[in-house]
Amino acid sequence: MNDVAIIGVGLHPFGRFEKSAMELGADAIQLALKDAGVGWKDIQFGVGGSLEIANPDAVTRLVGLTGIPFTDVFNACATAASAIQLCADTIRLGKYDIGIAVGLDKHPRGAFTAHPSMLGLPAWYAENGQYVTTQFFGIKANRYLHEHGISQRTLAKVAAKNYRNGVINPNAFRRKALSEEEILGSPMLNYPLTHYMFCSPDEGAAAAIMCRADIAHRFTSQPIYLRATEIRTRRFGAYEVHSTFAPVDEDVAPTVYAARAAFEAAGIGPGDVDVIQLQDTDAGAEIIHMAECGFCADGEQEKLIAEGATEISGSLPVNTDGGLIANGEPIGASGLRQVHELVRQLRGQAGDRQVAGNPRVGFAQVYGAPGTAAATVLTV
Amino acid sequence: MQKALAPEISTWPDEQPQLIGSRCGDCSATTFPTQALCPRCSGDKMSDELLPRRGTLIAWTTQGFVPKLPYAGGETAETFKPFGVGLVQLDDVIRVEGRLTESDPEKLKFGMDVELTMVPFYTDADGDEVITFAFAPA
Ligand SMILES: [Zn+2]
């Protein structure tokens with residue numbers, strides 16, 4: 001099997017724009033091509049991810065009708081991870097040498113919604129007021145804080161850190177710092193999570209160009225190796241978003257399995273990671289995912305975050321670009337934004353957000369309905 | 001008159017209503033609501049099982065804003081009152097997610113005893129009172 005290198009990344013800023021989702025995607029592709037120093041005609045295949053756009057492959061209308069195979073994927077919050085995995089595995093298996101993964105989305109305002117039957121749920125679940133994704137995050141965060149001695153203020157510290165990182169990320173949606181008091185004082189959406197502790201759906205696009213690792217130096221002096229992307233769904237025993245019930249005997253969340261599998265495939269451990277991107281749908285999720293991915297023990301986050309470990313300057317930098325809280329979540333693009341930031345960090349191109357000490361290993365994780373997680377490991 | 005939001009999921013109007021789940025004849029996994037195949041062993045030996053009425057609160061939150069449609073409550077942002085939501089362990093059988101009659105974070109406690117109840121939810125277009133299941137402190 002071939003190893004896989006990322007030779008170019010591109011990202012259209014996240015936020016609210018007059019352009020169509022397709023135009024955002026075309027812009028991200030152009031930026032990735034330029035970054036890789038290749039032309040669209042060099043791309044042998046593509047994978048596109050989106051929720052709102054049924055056919056991301058139609059972006060070829062804007063960037064070039066070259067006849068390449070182009071596959072569209074949707075996998076909720078793991079959509080971009082699926083695009084990355086499919087693109088990388090196609091190269092690993094030797095089918096093509098160079099391909100692109102692109103994610104693009106443009107969501108209406110407000111929390112995501114779809115008919116419950118689309119997720120195999122009974123209508124009463126929604127009619128009863130339980131079909132609310134943020135509600136699950138409130139339940140999970142509340143229980144985690146209670147069981148592991150973490151304060152509500154630590155939630156505010158996480159959100160404040162991500163807004164702060166957004167201020168120094170020109171591509172971010174939210175670029176205004178918020179104090180812990182402002183975050184704690186905003187309306188309570190789902191206890192203990194307040195309005196400013198949540199990300200919101202928005203618009204954006206991101207792309208990554210990958211190739212066989214043995215030819216990467218033709219294109220760049222700084223290839224970043226995609227060592228693993230693993231996707232896992234919930235097992236019987238896990239209590240996940242949109243659950244009518246859970247068994248008494250608990251199993252761990254799918255993120256735990258995805259992270260373990262990715263680290264095993266990469267031959268790397270959590271202790272080797274220098275820069276981290278986690279799914280911060282809400283501030284509690286970032287805290288919980290730190291432990292689920294193996295970066296700390298349950299409960300250690302209270303002290304680590306108080307000490308600034310997850311800051312850009314800390315020992316365990318998390319969401320250096322502001323994460324979902326500062327960037328919002330265009331579902332199809334979100335996981336590719338994480339990879340874009342990691343590639344910039346590992347190349348030493350992250351500007352004001354650069355993690356010191358020449359980071360060599362990056363990790364990205366996504367999680368969403370109905371209990372699907374993905375983990376990705378990158379190295380220089 | 002009164003009618004249930006989802007008549008198929010409980011024994012209401014029994015005086016002591018119970019939720020109706022499924023139990024696997026092969027591995028004894030229990031689900032709520034009923035389903036035809038076992039989510040644990042994939043077997044097809046599922047039969048209806050009346051779930052215990054009492055349990056303990058494993059985890060909870062509050063719903064602080066009006067859920068999007070097809071939410072049936074019909075409140076506006078002005079008339080909406082936050083409600084509690086919890087994961088309740090019914091004996092040692094199953095954990096069920098449902099509304100809580102209590103919504104004050106000061107009064108909701110992890111591990112507190114709760115009991116199934118049927119509560120008025122909204123009035124439908126025919127003027128009938130629609131009731132739904134919830135868990136009340138016991
Ligand atoms: Zn079974």
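The values are calculated or read from the model by the stated rules, or taken from the named source; none is laboratory data. All figures in this text were calculated on a predicted structure; none of them were measured in a lab. Virtual Cβ from ideal backbone geometry, glycine too; neighbours counted across all protein chains shown. Note: areas computed on protein heavy atoms with side chains; ligands, DNA, RNA excluded. Shrake-Rupley method; radii C 1.70, N 1.55, O 1.52, S 1.80 Å.
Table: residues versus (1) open to solvent by less than 10 Å² (accessible area, probe 1.4 Å); (2) near the ligand (Cβ under 9 Å from one of its atoms); (3) within 12 Å of another protein chain (Cβ to nearest Cβ).
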{"residue": "B:Pro13", "(1), (2), (3)": "no, no, no"}
{"residue": "B:Gly21", "(1), (2), (3)": "yes, no, yes"}
{"residue": "B:Gly25", "(1), (2), (3)": "no, yes, no"}
{"residue": "B:Ser28", "(1), (2), (3)": "no, yes, yes"}
{"residue": "B:Leu50", "(1), (2), (3)": "no, no, no"}
{"residue": "B:Arg53", "(1), (2), (3)": "no, no, no"}
> If A:Glu147 passes every condition in (1) within 9 Å of chain B (Cβ to nearest Cβ); (2) over 29 Å from B:Tyr71 (Cβ atoms); (3) of a type outside the set (S, T, N, Q); (4) buried (at least 23 other Cβ atoms within 10 Å of the Cβ) but one, which one does it miss?
Replying inline: (4)
> Which condition number in (1) crowded, with 18+ Cβ neighbours inside 10 Å; (2) modelled with pLDDT under 95 is the one that B:Ala4 fails?
Replying inline: (2)
> How many of the residues making up the stretch B:1-60 are aliphatic (A, V, I, L, M), assigned to a loop (DSSP other than H, G, I, E, B) and under 25 Å from B:Gly111 (Cβ atoms)?
Replying inline: 2
> Do we have B:Leu100 as away from the ligand (no atom under 16 Å from the Cβ), within 30 Å of A:Pro187 (Cα to Cα) and either within 12 Å of chain A (Cβ to nearest Cβ) or at pLDDT 95 or above (or both) here?
Replying inline: yes
> Checking A:Pro370 against (1) at pLDDT 95 or above; (2) open to solvent by 20 Å² or more (accessible area, probe 1.4 Å), which single condition isn't satisfied?
Replying inline: (1)
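So, A:Phe173, is that one on the phi < 0 side of the Ramachandran plot, open to solvent by 30 Å² or more (accessible area, probe 1.4 Å) and either within 14 Å of chain B (Cβ to nearest Cβ) or among the aromatic types (Phe, Trp, Tyr) (or both) or not?
Working: on the phi < 0 side of the Ramachandran plot: yes; open to solvent by 30 Å² or more (accessible area, probe 1.4 Å): yes; either within 14 Å of chain B (Cβ to nearest Cβ) or among the aromatic types (Phe, Trp, Tyr) (or both): yes.
When the stated conditions are applied, A:Phe173 passes them.
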>> Return the residues of the stretch A:360-377 that are in a strand (DSSP E or B) and out of contact with any Leu (no Cβ under 9 Å at 6 or more places or on another chain); say none if nothing qualifies.
In response: A:Gly368, A:Thr372, A:Ala373, A:Ala374, A:Ala375
> In the stretch B:61-92, what residues are more than 7 Å from chain A (Cβ to nearest Cβ) and assigned to a loop (DSSP other than H, G, I, E, B)?
Replying inline: B:Val66, B:Leu69, B:Gly74, B:Glu75, B:Thr76, B:Ala77, B:Glu78, B:Thr79, B:Phe80, B:Lys81, B:Pro82, B:Asp91
> Does B:Ala72 meet the test of being more than 16 Å from the ligand (Cβ to nearest atom), at negative phi and touching a residue at least 60 places away in the same chain (Cβ under 8 Å)?
Replying inline: yes
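Could you say which residue among A:Ile268, A:Ile276, A:Ile287 is open to solvent by less than 10 Å² (accessible area, probe 1.4 Å), of a type in the set (Val, Ile, Thr) and closer than 26 Å to A:Gln349 by Cα?
None of the others qualify; the one that does is A:Ile276.
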>> Can you find a residue that is out of contact with any strand residue (DSSP E or B) (no Cβ under 6 Å at 6 or more places or on another chain) and either open to solvent by 50 Å² or more (accessible area, probe 1.4 Å) or within 14 Å of chain B (Cβ to nearest Cβ) (or both) anywhere in the stretch A:46-53?
In response: no
>> Filter the stretch A:85-141 down to the residues that are away from chain B (no Cβ under 14 Å), surrounded by fewer than 23 Cβ atoms within 10 Å (Cβ to Cβ) and under 20 Å from the mean Cα position of the chain (by Cα) and list them by number.
In response: A:Leu86, A:Asp89
>> Could you list, ordered by first residue, the pairs with Cβ atoms under 8 Å in which the first is in the stretch A:261-284 and part of a strand (DSSP E or B) and the second is of a type in the set (D, E, K, R), at least 6 apart or interchain?
In response: A:Gln277/A:Asp321; A:Gln277/A:Glu341
> Taking the stretch A:290-315, which residues are closer than 18 Å to A:Ala156 by Cα and part of a loop (DSSP other than H, G, I, E, B)?
Replying inline: A:Gly299, A:Glu300, A:Glu307, A:Gly308, A:Ala309, A:Thr310, A:Glu311, A:Ile312, A:Gly314
